[in-house]
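Some notes on the structure that comes next.
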Amino acid sequence: MASLTDLQLAANSIGDEGATAMGNALAVNASLTFLGLNKIGDVGATAMGNALAVNASLTKLDLYNTSVGSSGASAIAKALEVNASLTEMRLDRNNIGDEGAAALGPALVVNASLTELDLSWNNFGDVGATALGQALAVNASLTELSLFNNKIGNVGATAMGNALAVNASLT
């Protein structure tokens, strides 16, 4: 019997209730490998984080422009600490700010499966970039990281530069 492996729901208005339902389903689904959502907000991102903590099939998650915010990014970061299947994640255009980017740093220290991460257009600066830089100094799985159009200044760039001096996985 064939099972659904890819589900793209972007360009819809999923909202909190729909995202929570998707998160509940993802927590028990064992065949979905790609999920694309948008407009899920903090509540939906928290539901996605809870699901990612237990889901072992999803390899790609596209949360482009989903209004995740900093608390949603923090929930997703907690899930990344234990998730071992996700390899690609788009979190671009979510206004996660320094708080959200800083929460992702420690998750990337321990996550060994994520290879591609897009954090473009997220309105974070040196604080977030420094946390990410510290993570990159020890992370050995990320090969692609996009930080396009944030507010990273000299301090954040220095942290990234220091990480790149020792990181051998980013290509």
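The values are calculated or read from the model by the stated rules, or taken from the named source; none is laboratory data. Quick caveat, the model's predicted, so the values are computed rather than measured. Don't worry about glycine lacking a Cβ; one is built from the backbone with ideal geometry, like all the others, and counts go over all protein chains shown. For the accessible areas, the whole protein counts, side chains as well, though only heavy atoms, and no ligand, DNA or RNA atoms are used. Shrake-Rupley method; radii C 1.70, N 1.55, O 1.52, S 1.80 Å.
Quick notes on this structure:
- Taking every alpha-carbon pair in segment 106-171 and binning the separations at 5 Å intervals from zero gives 4, 20, 30, 29, 15, 2 percent.
- A viscosity of 0.890 mPa s and a temperature of 25 °C, combined with the Kirkwood radius over C-alpha pairs in the Stokes-Einstein formula, give the chain a diffusion coefficient of 157 µm²/s.
- Those aspartates and glutamates that a straight Cα-Cα span of less than 19 Å connects to K151, excepting residues fewer than 8 apart in one chain: D92, D98, E99, D118, D126
- Projecting the alpha carbon convex hull of segment 1-57 along each direction and taking the average yields 3.6 nm².
- Residues E81, E99, E116, E17, sorted by accessible area with the largest first, give E17, E99, E81, E116 [1.4 Å probe; ligands and nucleic acids excluded].
- Packing order of peptides 124-137, 144-157, highest average first: 124-137, 144-157 (average count of other Cβ atoms within 10 Å over each peptide's residues).
- Gain upon complete extension [A56, T5; 0.36 nm per residue less C-alpha separation]: 17.1 nm
- Counted by Cβ distance under 14 Å from S71, the other residues give a net charge of -3, where Lys and Arg count +1 and Asp and Glu count -1.
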